[in-house]
Amino acid sequence: MRGKTVKILIAGAGLAGLSLARALLTRGIRADVVERRPDWTSSGFGLFLPGNASRAFAELGLFSAISQSAVPIRRQDFYDHRGRHLSTVDSERFWEGCGPCLGMPRAVMHKILLDSVAPVPIRTGRAIADVRQVAGGCLVTFDDWSCETYDLVVGADGLNSTVRRLAIDPAPPTYTGNGCWRFFADNHAGIDAWTVMVAKGRTLLAEPVDRSTLYVYAELAQAAGDPRERASRAELQAIFADFTAPLGPLLRQLQPDTPVHFSRIEAVQPPVCFRGRVVLIGDAAHATSPSMAEGAGMACEDAVLLADAITAGDDLDTALGRYAARRQPRVDWVRGQSETRDRIRRLPAAISTRLLRFAGTRMYRRSYTPLLAKA
């Protein structure tokens, strides 16, 4: 579409939507962005950015701002639930030449992205009611019954994407068999690495996101029943009561006024990522369990590659086909590795800890080596 004005609607002003708005803006296209939430108060907890994620955000011209607000994560330490060290991965060395691994609050990343797209109109509290394919584009109806026609509609509206449901796949997200709790904690112990403790069906993880704060993530495998029945703070502390240092004390020191968020972990796998003039990116297209920590990185890579495709000079239909063909193998790899890691976590502790002790670095390299290459 080089040399031609293209009218684009981005549904969703999270990391995926704002990354695409930024990528398009740097290429001379000012998209419309709508966000169904009325404000930005729900900004999540922590982010871990592997090296490929840092590289993708660097392509948006944001690496300096992000690195100044983030904590370098130079290694990953693995322990069993009794505190016995299993292995350490030198992530700094692995990602050398690609980008550093970083930890930061999601809200900080969101503000950096918002500031970077200041010229772009973002309409909050505006939801999409309908999307219809018309000749050469899409007719979008909003929740106030106003209508507008666009050359392209991008669903960057997350796991429970309205755009996906209306235009590509009505199937709801699928429960992965896991539930998780997230919260921030004071880093009294001076933890300076991505640190995880494992037991059968249970994972407790922490990473620094600033000089004094840890992002804490606790996961429980519960294939049967609804994990929301065990969502309380008391259940969290009881489930992980036998976890010792370095992370167990974080749960026992949890204050009554500390916000703790619980959620079922769900995934989506639509049959296609685009149909006609509608395309999905980020979690709307390929949400998986967070075991690869690739959500933000994949969203940003989607944004960069889609913006490249749109501005490469082809017509939009050809551009979308090329984007999908280029992106799908990487999406499939990350999804497959996420599912493999989830299965390992459900193995008996004697097996999973032995794997981490004797093959932890080898498993890490196998999972992430394909991501060293640019998307």
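Quick notes on this one:
- Listed peptides 134-145, 282-293, 174-185 by packing density, highest first (mean Cβ within 10 Å): 282-293, 174-185, 134-145
- Pairs of Cα atoms farther than 21 Å apart, region 1-102, %: 54
- Working ranking of peptides 93-105, 7-19, 75-87 by packing, defined as the average number of other Cβ atoms within 10 Å per residue, highest first, is 7-19, 93-105, 75-87.
- Near the amide H of Ala287, within less than 5 Å, lie the amide hydrogens of Val268, all on another chain or at least 5 residues away, with H placed in the peptide plane.
- Euclidean distance between Cα centres, region 167-241 to region 298-375, Å: 22
- Degrees separating the helix 316-345 axis from the principal Cα axis of the chain, which is the longest one: 10
- Relative contact order for the chain: 23 percent, from Cα pairs under 8 Å spaced at least 6 residues apart, divided by residue count.
- Reachable aspartates and glutamates, given that their alpha-carbon falls under 18 Å from the alpha-carbon of Lys374 and they are not under 8 places away in the same chain: Glu59, Glu92, Glu96, Glu294, Glu301, Asp302, Asp308, Asp332
- Packing rank of 364-373, 163-172, 250-259, where each peptide gets the mean count of other beta carbons within 10 Å, highest leading: 163-172, 364-373, 250-259
- Table column - 3J(HN,Hα) (Hz), region 175-186, Karplus curve with 6.51, -1.76, 1.60, x for Gly and Pro: 5, 7, x, 10, x, 9, 10, 9, 6, 9, 9, 5
- Near the amide H of Ile10, within less than 5 Å, lie the amide hydrogens of Asp32, Val33, Val34, Val154, all on another chain or at least 5 residues away, with H placed in the peptide plane.
- Residues in region 137-150 carry Karplus couplings, in order, of x, 9, 9, 10, 9, 9, 6, 9, 6, 6, 10, 8, 9, 10 Hz; the curve used is 6.51 cos²θ - 1.76 cosθ + 1.60 with θ = phi - 60°, and Gly or Pro positions show x.
- Across region 207-312, Cα-Cα pairs farther apart than 24 Å form 45% of the total.
- Our summary of shape: the Cα atoms of the chain have principal axis extents of 62, 44, 35 Å, ordered from largest down, in whole angstrom.
- Each residue of region 193-208 was assigned a 3J(HN,Hα) from its phi angle through the Karplus curve 6.51 cos²θ - 1.76 cosθ + 1.60 (θ = phi - 60°); the sequence is 9, 5, 10, 9, 10, 10, 9, 4, x, 9, 9, 10, 10, 9, 9, x Hz, with glycine and proline shown as x.
- If you look at the Cα atoms of region 252-345, you get an Rg and a Dmax of 16.8, 58 Å.
Any read-out appearing in this document is the output of simple, stated calculations on the displayed coordinates, not a laboratory observation. Note that this is a predicted model, so its numbers are computed, not measured. Virtual Cβ from ideal backbone geometry, glycine too; neighbours counted across all protein chains shown.
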